[in-house]
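**Q** I'd like to ask some things about the structure below.
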Amino acid sequence: MALTGIQIYKLLPQTNCKDCGFPTCLAFAMKLAAKQVELSSCPHVSEEAQAQLAESAAPPIRLVTLKANGHEVKAGNETVMFRHEKTFYHKTGLFVRVRDDEGPDAIKARVAPADAYAVNYVGMDLTLDGFAVESASNDPAQFEAAIAAVRSASQRPIILISRDPAVMAAGLKALDGESPLIYGADAANWEAMAALAGQHSAPLAVIGATLDELADLTQKIQGAGVEDMVLHPVATTLGASLALNTQIRRLALKKNFRPLGYPLIAFAGNDPVGETIAATQAIAKYAGFVVLDHFAPETVYSLLVLRENIYTDPQKPIQVQPGVYEINNPKPEDPVMVTTNFSITYFSVANEIEGAGLPGWLLVTDAEGMSVLTAWAAGKFDAERIAKAVKQFSIADKVSKKRIVLPGHVAVLSGELEEELPDWEVRVGPREAVDLPAFMKQAL
Amino acid sequence: MPVEIPKDTWTGAVREVTIGATAAEGGTRATTVTIGGATTMPFMHFEGSIPHRPVIAVEIVNHRPDDWSHLLLDAWGDAANDPAAWAKAAEQAGADLIQLSLNQTGADGNPITPESAVTATKAVLEASGLPLLVFAPGQAELDNELLVPIAEATKGERIVLGIAEDKNYRTIVAAALANDHLVSARTAMDVNLAKQLNILIGDMGLPLDRVIMDPTTGALGYGIEYGYSVMERLRLAALQGDAMTQLPMLVTAGYETWKTKEAKVGEGVPQEWGDWTARAINWEVVTAVALLESGADIVVLRHPESIARVRAAIDELMAVPAAG
Ligand code: SF4
């Protein structure tokens, strides 16, 4: 847990020498507690104090990174239980599992489309993060062949799955130079697995059904010199899994309980329907990595969007670029509608018009990412700004009928807008995007 | 190493709300549904009591809707032609509650009349013994014209009347008050707005154990994170003892989902969106499950397959895990 300014002050030399640029050690300590300066600015701090401060500055949930061929997937370093308290930082890594008994050709055929998959959402390309390769055969050679098959189709990070250290050693050899996740260590094999994790500087997943079991194992493994771990609290129902994930996150964040201060991995299960639901919960409730058994675009798309939504910083809503958006190939005589650049406002409006198959020009103004009503209340969506956008994006050159539709929520702006845009006809549309198609059909 | 399970201590609880009344209680329902009562965050069985499971309301319409996706209409088949048959089909599909939405226009294309709205409501009550929610079209004057006679004609049934909003709650609340019904109070994704409306409704004398709040949500991809976080904040406030947030929550996951392009549109969409039907159902299920995780007590759904999947998820979430 982070130390307070006073606690830090006690660890400083307390000489007020000012070498750090602050008038007193206490002032420096306060800045340090607020994370506004680096400890290294004080040249006089003792080694012992340094170690203590470093320990206290370590994040309550360790940051673990899987690496391969320039790709990285990070988990951990989270600071809150609920996203509205600040934000969730490292988006849950989504992996698709293959098993070595499927055979190299089948593996390649499954991996290639999943690796190539990218879907556009709010202007971003969303992709999967990597693959999990499981040794079902328990044969090192077959495991290596399966890994080679994955690598022939994807360069993304890999999770290696086997409880047998000899098989795992073969897998790690096949991925030399990468940091795959080793899955994993249990009460029976932890010593050998910890040794492998040390040799290959790869993070190690720790498997246990209870908090006690997991904490026991992580402490032993840490004692063997391994720092990067991932926890798999094994549960058989959604409810049990939710409870364990929540308890571990609480212990790490609220109690600074180091033995469980690691990111979590979840296996979403083997039937496609249950898998979607389990993955939904895992993304919302604290998993750093999720392993899926199926790759289907209609499932992966929904999970990738959920992950984007849950991990959006509540303080920084996603915005779209202000400008003129052409919907359904509009012609010059088609209507001009105006809205704000809050992504969800934009997508609701665009979606309604597009879904109804109606052509139109959508003028998106810079309202600093606020919705219509909020932006209006904050003075970021007024007649002046709308008129400015009309001119800036030269919409008049694109249309033959100078007629602009305002959202119904800002009907009060119509008079002012007529003054700002004297040669335009200003119309008031519906309040809600969902009513826009009917309005366009009937009133325009 | 023995690890102490970290338990949060809460002072507040969500109110229990019972929807529907049996013959003995002055109505005609075969069963009633009680929600709320939780003394902890969703499904945290290890630290508090969750006496009632979240429930599924299935949305039906007073006549075959012309603005619903044909994926939905195909799934319901001929049942969607008639609200009574639809209610029965919804019950068979696993509904805990029926939510009857009244369309602005009647089956004949003319504006809906109070008489036809009452007829449809009574037909649904006769066809299914499940407790009922009746949601008017969402236009202040029309809503009042429809909901008052419905409330009177079904006195004592403990129906949930909707939708009470800040501009338009008085008549609906008065109708509920006079006829032993409940109301659903909707506000726009904001903790304080939700509290204010609950206060206004309480001030009219309607006991708060006859109010459900609908904090509104967006669907997956369309603002679900706002609804999700507002619900978490409302539930946290309730558990911390803020009486005006201690109401069970309803979310219209089906309505929101089936507005989205992902659910509504099958052609001319990116290939990466995958199979249409599977995607649409996923969209509704992911939306519903995420909102259950954030505190929904009633999820209103549309597709029969979604009902089955969400029900299975609730079963698992309510299975109390063994201590450990
Ligand atoms: S440099 Fe170090 S010892 Fe000197 S005033 Fe700053 S904190 Fe104190």
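The values are calculated or read from the model by the stated rules, or taken from the named source; none is laboratory data. None of the values given here were measured: they were computed from a predicted structure. Every residue, glycine as well, gets a Cβ built from its backbone with ideal geometry; the counts of neighbours run over all protein chains shown. Side chains included, ligands, DNA and RNA excluded: accessible areas come from the protein's heavy atoms. Shrake-Rupley method; radii C 1.70, N 1.55, O 1.52, S 1.80 Å.
**Q** Given 4 °C and 1.567 mPa s, compute D for the protein assembly as shown with the Stokes-Einstein relation, Rh being the Kirkwood radius over Cα pairs; round to the nearest whole µm²/s.
**A** Here the translational diffusion coefficient equals 46 µm²/s.
**Q** OK, next. If A:Phe28, A:Phe439 are ordered by their accessible area, calculated over protein heavy atoms with a 1.4 Å probe, which sequence runs from highest to lowest?
**A** A:Phe439, A:Phe28
**Q** Give me the inter-chain shielding for A:230-243: mean count of other chain Cβ atoms within 10 Å, whole number please.
**A** 5
**Q** Pop the C-beta distance of A:Lys388 and A:Glu48 into the FRET formula with R0 = 56 Å and round what comes out to the nearest 0.05.
**A** Taking R0 as 56 Å, the efficiency between A:Lys388 and A:Glu48 is 0.40.
**Q** Report, as an integer, the average count of C-beta atoms from other chains found within 10 Å of each Cβ along A:280-286.
**A** Average per residue, whole number: 5.
**Q** I want the local charge near A:Ala235. Using Cβ-Cβ distances under 14 Å, sum +1 for each Lys or Arg and -1 for each Asp or Glu among the other residues.
**A** Residues close to A:Ala235 contribute a combined charge of -1.
**Q** Still on this structure: Between B:Leu133 and residues 5 or more places away or on another chain, which pairs have amide H atoms under 5 Å apart, with H built 1.01 Å from N, and which residues are they?
**A** Residues meeting the criterion, in which the H sits 1.01 Å from N, are B:Ile98, B:Gln99, B:Leu100, B:Val160.
**Q** With only Lys, Arg, Asp and Glu charged, each at its Cβ (+1 for the first two, -1 for the last two), find how big the charge dipole of the range A:64-310 is about the Cα centre; round to the nearest 20 debye.
**A** The dipole of the range A:64-310 has a size of about 900 debye.
**Q** Can I ask one more? Which FRET efficiency value, to the nearest 0.05, is calculated for A:Lys401 and A:Asp125 with the Förster distance at 35 angstrom and r the Cβ-Cβ distance?
**A** About 0.45, to the nearest 0.05.
**Q** May I ask for the Rg/Rh ratio of chain B, computed from Cα atoms with Rh as the Kirkwood radius, given to two decimals?
**A** 0.96
**Q** Then there is this: Compute the distance in nm between two label points, each set 7 Å from the Cα along the Cα-to-Cβ direction, one at A:Lys255 and one at A:Gln7.
**A** In this crude label model, A:Lys255 to A:Gln7 measures out at 1.7 nm.
**Q** Nearest 500 deg cm²/dmol is fine: what mean residue ellipticity at 222 nm does chain B get from its DSSP H runs of n ≥ 4 alone, each adding -39,500 (n - 2.57), divided by its residue count?
**A** -12000 deg cm²/dmol
**Q** I'd like the carbon and sulfur percentage of the solvent accessible area for chain B, probe radius 1.4 Å, heavy atoms only, ligands and nucleic acids excluded.
**A** Here it works out to 50 percent.
**Q** Given the convex hull of the Cα atoms of the range A:64-310, what is a quarter of its surface area in nm²?
**A** 12.2 nm²
**Q** Using amide H atoms built 1.01 Å from N in the peptide plane, name the residues 5+ places from B:Leu220, or on other chains, whose amide H lies under 5 Å from its own.
**A** Amide H to amide H, under 5 Å and 5 or more residues apart or across chains, B:Leu220 pairs with B:Thr287.
**Q** Using a 1.4 Å probe and counting only protein heavy atoms, arrange A:Tyr89, A:Tyr311 so the residue with the most accessible area comes first.
**A** I get A:Tyr89, A:Tyr311, largest accessible area first.
**Q** Per-residue mean of other chain beta-carbon atoms within 10 angstrom of the beta-carbon, peptide B:292-303?
**A** That average works out to 1.
**Q** Here's a follow-up. Find, to one decimal place in angstroms, the Kirkwood hydrodynamic radius of the range B:231-306, where the mean of 1/r is taken over every pair of different Cα atoms and then inverted.
**A** 13.7 Å
**Q** Related question: Taking the highest mean first, how do the peptides B:213-220, B:302-309, B:280-287 order by number of other beta carbon atoms within 10 angstrom per residue?
**A** Peptide ranking by packing, descending: B:280-287, B:213-220, B:302-309.
**Q** Also: Would you work out the charge dipole size for chain B about its Cα centre, treating the Cβ of every Lys and Arg as +1 and the Cβ of every Asp and Glu as -1, and quote it to the nearest 20 debye?
**A** It works out to roughly 400 debye.
**Q** Just to check, using Stokes-Einstein with a Kirkwood Rh over alpha carbon pairs, what's the diffusion coefficient of the range B:145-271 at 4 °C and 1.567 mPa s in µm²/s?
**A** The calculation lands on 83 µm²/s.
**Q** Here's another thing I want to ask about it. What is the spin-label model distance, in nm, from A:Asn69 to A:Asp212 if the labels are put 7 Å beyond Cα along the C-beta direction?
**A** With each label point 7 Å from Cα toward Cβ, the separation is 4.5 nm.
**Q** Evaluated at 4 °C with a viscosity of 1.567 mPa s, what Stokes-Einstein diffusion coefficient in µm²/s does the range B:1-42 have when Rh comes from the Kirkwood expression over alpha-carbon pairs?
**A** Result for D is 98 µm²/s.
**Q** Give the Debye-formula value of log10 I(q)/I(0) at each listed q (0.17, 0.22 Å⁻¹), with one equal scatterer per alpha carbon of the range A:5-57, two decimals each.
**A** Scattering profile of the range A:5-57, log10 relative to I(0): -0.41, -0.71.
**Q** Any chance you could tell me what percent of the C-alpha pair distances in the range A:323-443 go past 26 Å?
**A** Considering the range A:323-443, 8 percent of its Cα-Cα pairs are separated by more than 26 Å.
**Q** Once a ≥ b ≥ c are taken as the square roots of the eigenvalues of the Cα gyration tensor of chain A, is the result rounded (a/c under 1.5), prolate (a/b larger than b/c) or oblate (a/b not larger than b/c)?
**A** It comes out oblate by the Cα gyration axes.
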